[in-house]
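Worksheet: one structure, shown below.
The values are calculated or read from the model by the stated rules, or taken from the named source; none is laboratory data. Keep in mind it's a predicted model, so treat the numbers as computed, not measured. Positions of Cβ are backbone-derived with ideal geometry, glycine not excepted, and every protein chain shown enters the neighbour counts. To get the accessible areas, we keep the full protein, side chains included, count just its heavy atoms, and leave off ligands, DNA and RNA. Shrake-Rupley method; radii C 1.70, N 1.55, O 1.52, S 1.80 Å.
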Amino acid sequence: MSGMVVFINLAGAVALLLWATRMVRTGIERAYGNVLREKLRRAIGNRVTAAIAGFFFAIALQSATAVALIVAGFVASGYVSTAIGIATLLGADLGSALVVRILRQDLSLLIPVLLLAGTIAFRASEQRNWRQIGRILFGLGLLLLSLRLIGEASIPLKTSEILPVIINYLSRDWITAFVLAGLLAWAFHSSVAAVLLLASLADRALIPPVLIIPLVLGINFGAAIIGAVLTRGERVDARIVPLGNVAIRGLGTLIALAAQLTFELESSVFSAHPGDAVVIAHLVINLAVVVFGLPFCGLVGRLLQNWLRPAELADEPIAEKRMSALKPEHLSNPQQAIADATREVLTVCERIELMLTWIFDVLDKPDKQKIARIEELDDEIDQTHREIKFYLAKISQTDLDDKSAAMLQDLLGATIKLEQAADIIAQNMVTRVRKKHARKIEFSEEGWHELMDLHKEVMRNARLAFNLFVNRDVELARQLVAQKELVRTMVRNSEEQHMQRLRDGNDNSYDSSSIHIDTMRDLKEINSLFASIAYPVLANAGMLRKSRLL
């Protein structure tokens, strides 16, 4: 019975570690995600700067996997090459390893400070950024607390009768130890959490020094495949980046394991303290991968492209059949059919996010190919919207319970709003882009910054709205609707400042006046459409008034 208690305590401490890591990451993504993404996109100009940018970005997010998914999206959208994307991931892995090193410091005195500061920041204001800062601080406090709990929960394992048998076997079979460590990293979906757990166990002498290097290598291999598995259903360009990371980092760990089996390097080379040896070995492995892997990023990217693209072309007829998630055979099962329709709506969300990103690229610098692609995406969205609408109509002909009927109606309403947002981008905003470049109009520096700030806010809100299709989180919905007033204020302030520039005789403001104001109002209308996606979630939670009329 005591063994079960020990296991429950240890499992609970590990669960707290995973939850705290996720809490910190989501807080940073919600508060600063768009800013970080934009800075990352601008920073990755060559392999060296890409690796450096990935390094700092992983430190900010405490996750190399999050960087992998973001960079894969950049490559798929054509922002960066596959070689640059792979280099960014190598740097992100090193940044993630440094996070482990930082968290290994004795920060126990910070636990109550972070928990208190996080609670105060979260409860002191309704503003989204303050609440997310509170979430980040509280999550860091929980993370440090979980490390202490893991150490305390693992003390009784020293007297365990079974654990020494397992450890003795693994000490003789490093390949099995490598595989188990890889599975642990995959199960955690976080190399940070896996290495911190391993270091805590090594501190308590539960992991012998002879096992440290094989286990750390296994964790690195398992962490490398996380991004590749999570992007397995994406386009080829998006899949190449995490697969390139597997090819370089994964192959590097396998070569290192073979060398370890041959030369049996002592972990004391890294540190005499077993827990520190775990962390430093992890850091050294990722530093070596960056140093030796950067020169091969281009070659690996090209090889993967040549390998994956023929397979994609061979499967093209099958891909056409599978393009739509709307399966007629699922119509007899309303829940499954609604899930299919939701997946198809998410493809519309991806296209709109791309259109909204590109429209400001071409507003700044003319690009006929991007403008044409924006219009093509609008046509694709129109076609998908019709298919979703007819599919939902067929679902409504079946016997639906009240919950399914409400979900169907909400999905239909959201699809209509998304299609309207795409029309505003492809018709209104593209027209203004053409007018601006045909007349050689330039925005004033202040006016362009105002437009860019508003565009970033709308992009942030778009992602919040799209997330609601996957996770009907009331807190996300509240944030989205609250931001609607912020966008209104930004538009109003920009219009006032624009009028002041006209009164001051700013020539660029005079030339761009109508385009500036109309673009602001287009973005405001698009944001309102995104915000309205949150209303059904809030209505179901009883957080909306039935009428604004007094």
Single residue of the stretch 17-75 satisfying the filter (open to solvent by less than 50 Å² (accessible area, probe 1.4 Å) and outside any helix (DSSP H, G or I)) that is modelled with the highest pLDDT: SER63
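Quick one: in the stretch 308-341, of everything that is among the basic types (Lys, Arg) and in a helix (DSSP H, G or I), which residue is modelled with the highest pLDDT?
The first filter runs over the stretch 308-341 and keeps only residues among the basic types (Lys, Arg), leaving 309, 321-322, 327.
Add one more test, that the residue is in a helix (DSSP H, G or I), and what stays is 309, 321-322.
On the way: ARG309: 61, LYS321: 38, ARG322: 37.
Of everything passing the filter in the stretch 308-341, ARG309 is modelled with the highest pLDDT.
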The stretch 230-244, subset in contact (Cβ under 8 Å) with a residue 12 or more places away in the chain and open to solvent by 10 Å² or more (accessible area, probe 1.4 Å), residue nearest to the chain's Cα centre (by Cα): LEU230
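Of the residues PHE443, PHE466, PHE530, only one is among the aromatic types (Phe, Trp, Tyr) and either surrounded by fewer than 18 Cβ atoms within 10 Å (Cβ to Cβ) or touching a Lys or Arg at 6+ places or on another chain (Cβ under 8 Å) (or both); which? Spell out how you get there, then give the answer.
Values: PHE443 fails: either surrounded by fewer than 18 Cβ atoms within 10 Å (Cβ to Cβ) or touching a Lys or Arg at 6+ places or on another chain (Cβ under 8 Å) (or both); PHE466 fails: either surrounded by fewer than 18 Cβ atoms within 10 Å (Cβ to Cβ) or touching a Lys or Arg at 6+ places or on another chain (Cβ under 8 Å) (or both).
Residue meeting the stated conditions: PHE530.
Residue by residue, here is whether (1) crowded, with 17+ Cβ neighbours inside 10 Å; (2) in contact with a Cys (Cβ under 7 Å, 6 or more places away or on another chain); (3) at pLDDT below 85 holds:
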residue: ARG492; (1), (2), (3): no, no, no
residue: GLN497; (1), (2), (3): no, no, no
residue: ASP511; (1), (2), (3): yes, no, yes
residue: ILE517; (1), (2), (3): no, no, no
residue: MET520; (1), (2), (3): yes, no, no
residue: MET543; (1), (2), (3): no, no, yes
residue: LYS546; (1), (2), (3): no, no, yes
Residue within the stretch 101-120 that is within 30 Å of VAL5 (Cα to Cα), open to solvent by less than 60 Å² (accessible area, probe 1.4 Å), free of Cβ contacts under 8 Å to residues at least 40 places away in the same chain and not in a helix (DSSP H, G or I) present: yes
Complete set of residues in the stretch 121-177 that are under 27 Å from the mean Cα position of the chain (by Cα), at pLDDT 90 or above and open to solvent by 60 Å² or more (accessible area, probe 1.4 Å): PHE138
Condition check for MET452: in contact (Cβ under 8 Å) with a residue 60 or more places away in the chain, aliphatic (A, V, I, L, M), part of a helix (DSSP H, G or I) and surrounded by fewer than 16 Cβ atoms within 10 Å (Cβ to Cβ): yes
Tally of residues being open to solvent by 20 Å² or more (accessible area, probe 1.4 Å), of a type in the set (Val, Ile, Thr) and touching a Ser or Thr at 6+ places or on another chain (Cβ under 7 Å) across the stretch 191-229: 1
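Tell me yes or no: at least one residue of the stretch 389-398 is hydroxyl-bearing (Ser, Thr, Tyr), surrounded by fewer than 19 Cβ atoms within 10 Å (Cβ to Cβ) and at pLDDT below 85. Steps first, answer last, please.
Our first condition is that a residue be hydroxyl-bearing (Ser, Thr, Tyr); within the stretch 389-398, this holds for 391, 396, 398.
Keeping just the survivors that are surrounded by fewer than 19 Cβ atoms within 10 Å (Cβ to Cβ) gives 396, 398.
After this cut, where a residue has to be at pLDDT below 85 as well, the list is 396, 398.
Among the residues of the stretch 389-398, at least one is hydroxyl-bearing (Ser, Thr, Tyr), surrounded by fewer than 19 Cβ atoms within 10 Å (Cβ to Cβ) and at pLDDT below 85, which makes the answer yes.
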Filter result for VAL487 (of a type in the set (A, V, I, L, M), at negative phi, out of contact with any Gly (no Cβ under 7 Å at 6 or more places or on another chain) and surrounded by 16 or more Cβ atoms within 10 Å (Cβ to Cβ)): yes
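Restricting attention to the stretch 133-170, which residues are among the polar types (S, T, N, Q) and farther than 19 Å from SER200 by Cβ? Please lay out each step first, then the result.
Taking the stretch 133-170 first, the residues among the polar types (S, T, N, Q) are 146, 154, 159-160, 168.
Residue satisfying the conditions is ASN168 alone.
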Index of the failed condition, ILE359 passing every other in (1) surrounded by fewer than 14 Cβ atoms within 10 Å (Cβ to Cβ); (2) part of a helix (DSSP H, G or I): (1)
Those residues of the stretch 240-275 which are farther than 21 Å from PHE55 by Cα and not aliphatic (A, V, I, L, M), in sequence order: GLN260, THR262, PHE263, GLU264, GLU266, SER267, SER268, PHE270, SER271, HIS273, PRO274, GLY275
